[in-house]
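Here the structure comes first, spelled out in structure tokens, and everything after it is commentary.
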């Protein structure tokens, strides 16, 4: 019975890691899901496999993932010097379209929705205020690239976290 519970617990732990990874596509802070899962696993195993120092490292990675995503996303659009309203609408359109497109492509539609919404919101607001098509496309493109680089950086950090956790599990 103890062996079955142990395997079940490990499968659940790994499943939550995967959920954390894929939740990033939906704009959910997946690095924090991964971290909480690791903390719970560490606590249940009395910190023998995932020690407190490892959990502190994972915490730093989760924080850096959030900060990096935020600044890269913001940096992309800020390079084009849009108004605050353009930045806000771009952000909100990215969230709305990510939610609306989430059912498509087995959930990966949310990634496309976030990127298209970010571009579309920035483009539309800039075009409506400036009436210059080329400038509006430039603003939208910068918003798109910023969001993409933020997303990819967070995905990379989540991959590093999961790889590190799995390495710790199988090296003991």
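Where a number appears in this text, it was derived from the coordinates with a stated rule and is not lab data. Please read these numbers as outputs of a predicted model, since none were measured by experiment. In this analysis, Cβ positions are derived from the backbone assuming ideal geometry, glycine residues included, and neighbour counts consider all displayed protein chains.
The helix-based estimate of mean residue ellipticity at 222 nm for the chain, built from -39,500 (n - 2.57) per DSSP H run of four or more residues and divided by its residue count, is -29500 deg cm²/dmol to the nearest 500. Springs between Cα atoms under 10 Å define the GNM used for the chain, and in it the highest mean-square fluctuation of 11, 36, 67 occurs at 11.
If R0 is taken as 41 Å, the Cβ-Cβ distance between residue 67 and residue 131 corresponds to a FRET efficiency of 0.70. As an equivalent ellipsoid, segment 2-171 spans semi-axes of 38, 16, 10 angstrom, where each value is the square root of five times an eigenvalue of the C-alpha gyration tensor, largest first.
Comparing 32, 43, 141 in a Gaussian network model of the chain, where Cα atoms under 10 Å apart are tied by springs, the biggest mean-square fluctuation is seen for 43. For segment 11-30 versus segment 83-97, the inter-centroid distance based on Cα atoms is 25 Å. Under the criterion of Cα pairs below 8 Å and six or more residues apart, the relative contact order for the chain equals 26 percent.
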